[in-house]
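J.: Below is one structure. I have some questions about it.
The values are calculated or read from the model by the stated rules, or taken from the named source; none is laboratory data. The model shown is predicted, which means the values in this text are computed figures rather than measured ones. Here the Cβ positions follow ideal geometry from the backbone for every residue, glycine too, while neighbour counts run over all protein chains shown.
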Amino acid sequence: MRNDMKALVKAKPEPGLWMQDEPVPEIGPDEVLVKVAKTGICGTDIHIYKWDDWAKKTVPVPMITGHEYSGEIVEVGADVRNLKVGQRVSGEGHVVGMKSRASRAGKFHLDPDTKGIGVNLPGAFAEYVKIPAFNIVPLPDAIDDELGAILEAVGKVAELDLSDVEPTSHPLAVVNVWAEDEPRASLSREDALANAPDPVDGAFRVPAVGS
């Protein structure tokens, strides 16, 4: 495996994302390295692209963006159990500190040390992403890479009482960033998006490498 990769980076404190070369992440003993197959565009990514007030106070620059993904494990840390190279996976995008009272009680959603993949930690809009093994969700054969990339979003919807939610026109975009070693961003699920508005007004027309 080569030592560098293509990634979409919030490289400057201004609107936009930049495609550039980045080092392939080096994993720790409790982490895995995932070769990314598909990613999803979240509203968080739109905030980061536009560089609004929330993004300015939240996201350190530079930062590889993206936190909804699926892919294949290509390396496992020395202390990782029950995961293996070649396994298809997705993962939870919130990395908890594991030291707080909330975490020790199993209330991980209340951990004050939580950091976000693609927000505070390098993300999945890249050829490879490193993820704590604790966050990894193995994908069964019945779940393809496109659906695997949006498990987090589906999980959030499942938490809602849908009878009290008004329908919206927000589209769901599933992105194939990497194909045949040529970086690109291409929407799939065309049937679902055919009548949907553009979510970003061209936000992911990515500048060429080095521009």
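J.: Just to be sure, is N135 more than 29 Å from G86 (Cβ to Cβ) and either modelled with pLDDT of 95 or more or of a type in the set (S, T, N, Q) (or both)? Full working, then the answer.
T.: Numbers: more than 29 Å from G86 (Cβ to Cβ): no; either modelled with pLDDT of 95 or more or of a type in the set (S, T, N, Q) (or both): yes.
In short, no.
J.: Right, here's the next one. Residues in the stretch 28-44: is at least one acidic (D, E), farther than 23 Å from V80 by Cβ and modelled with pLDDT of 95 or more?
T.: Looking only at the stretch 28-44, we keep the residues that are acidic (D, E), and these are 30-31.
Those left that are additionally farther than 23 Å from V80 by Cβ: none.
Looking for residues that are acidic (D, E), farther than 23 Å from V80 by Cβ and modelled with pLDDT of 95 or more, one finds none in the stretch 28-44, hence no.
J.: Something else now. Within the set of pairs 6+ apart or on separate chains, which have a first residue in the stretch 109-123 that is touching a residue at least 60 places away in the same chain (Cβ under 8 Å), a second that is basic (K, R), and C-beta atoms under 9 Å apart?
T.: Between residues of the stretch 109-123 that are touching a residue at least 60 places away in the same chain (Cβ under 8 Å) and residues that are basic (K, R), the close pairs are P122/K130.
J.: Only one of these is basic (K, R) and modelled with pLDDT of 90 or more: K115, K156, K99, K107. Name it.
T.: K115
J.: Still on this structure, please answer the following. So, in the stretch 56-83, of the ones that are of a type in the set (A, V, I, L, M, F, W, C), within 24 Å of D141 (Cβ to Cβ) and surrounded by 19 or more Cβ atoms within 10 Å (Cβ to Cβ), which residue ends up nearest to the chain's Cα centre (by Cα)? Steps first, answer last, please.
T.: We begin by selecting, within the stretch 56-83, every residue of a type in the set (A, V, I, L, M, F, W, C); these are 59, 61, 63-64, 73-74, 76, 78, 80, 83.
Still in the list and also within 24 Å of D141 (Cβ to Cβ): 73-74, 76, 80, 83.
Narrowing the set further to residues that are surrounded by 19 or more Cβ atoms within 10 Å (Cβ to Cβ) leaves 73, 76, 80.
Working: I73: 15, V76: 19, V80: 21 Å.
Among those residues, the one meeting the criterion is I73.
J.: Can you confirm whether L151 is surrounded by 15 or more Cβ atoms within 10 Å (Cβ to Cβ), within 13 Å of the chain's Cα centre (by Cα) and modelled with pLDDT under 95?
T.: Values: surrounded by 15 or more Cβ atoms within 10 Å (Cβ to Cβ): yes; within 13 Å of the chain's Cα centre (by Cα): yes; modelled with pLDDT under 95: yes.
The answer is yes for L151.
J.: If you check R88 against the conditions, is it modelled with pLDDT under 95 and more than 19 Å from K10 (Cβ to Cβ)?
T.: Working: modelled with pLDDT under 95: no; more than 19 Å from K10 (Cβ to Cβ): yes.
For R88, the condition - modelled with pLDDT under 95 and more than 19 Å from K10 (Cβ to Cβ) - is not met.
J.: Return yes or no: is D113 of a type outside the set (K, R), in contact with a Pro (Cβ under 6 Å, 6 or more places away or on another chain) and part of a loop (DSSP other than H, G, I, E, B)? I'd like the intermediate steps shown before the answer.
T.: Working: of a type outside the set (K, R): yes; in contact with a Pro (Cβ under 6 Å, 6 or more places away or on another chain): no; part of a loop (DSSP other than H, G, I, E, B): yes.
For D113, the condition - of a type outside the set (K, R), in contact with a Pro (Cβ under 6 Å, 6 or more places away or on another chain) and part of a loop (DSSP other than H, G, I, E, B) - is not met.
J.: If I filter the stretch 185-192 for residues that are in contact with a Phe, Trp or Tyr (Cβ under 7 Å, 6 or more places away or on another chain) and either at pLDDT below 85 or among the acidic types (D, E) (or both), do I get at least one hit? Before the answer, list the steps.
T.: Taking the stretch 185-192 as the starting set, the residues that turn out to be in contact with a Phe, Trp or Tyr (Cβ under 7 Å, 6 or more places away or on another chain) are 185.
Filter again for either at pLDDT below 85 or among the acidic types (D, E) (or both), leaving 185.
Yes, there is a match, as at least one residue in the stretch 185-192 is in contact with a Phe, Trp or Tyr (Cβ under 7 Å, 6 or more places away or on another chain) and either at pLDDT below 85 or among the acidic types (D, E) (or both).
J.: Looking for whichever is over 10 Å from the mean Cα position of the chain (by Cα), on the phi < 0 side of the Ramachandran plot, assigned to a loop (DSSP other than H, G, I, E, B) and not β-branched (V, I, T) here; the options are G97, G106, G123. Which one fits?
T.: On the way: G106 fails: on the phi < 0 side of the Ramachandran plot; G123 fails: over 10 Å from the mean Cα position of the chain (by Cα).
The match here is G97.
J.: Being out of contact with any Asp or Glu (no Cβ under 6 Å at 6 or more places or on another chain), at positive phi and either crowded, with 18+ Cβ neighbours inside 10 Å or not charged (D, E, K, R) (or both) is the requirement here; does G86 meet it? Walk me through it before giving the result.
T.: Details: out of contact with any Asp or Glu (no Cβ under 6 Å at 6 or more places or on another chain): yes; at positive phi: yes; either crowded, with 18+ Cβ neighbours inside 10 Å or not charged (D, E, K, R) (or both): yes.
It is true that G86 is out of contact with any Asp or Glu (no Cβ under 6 Å at 6 or more places or on another chain), at positive phi and either crowded, with 18+ Cβ neighbours inside 10 Å or not charged (D, E, K, R) (or both).
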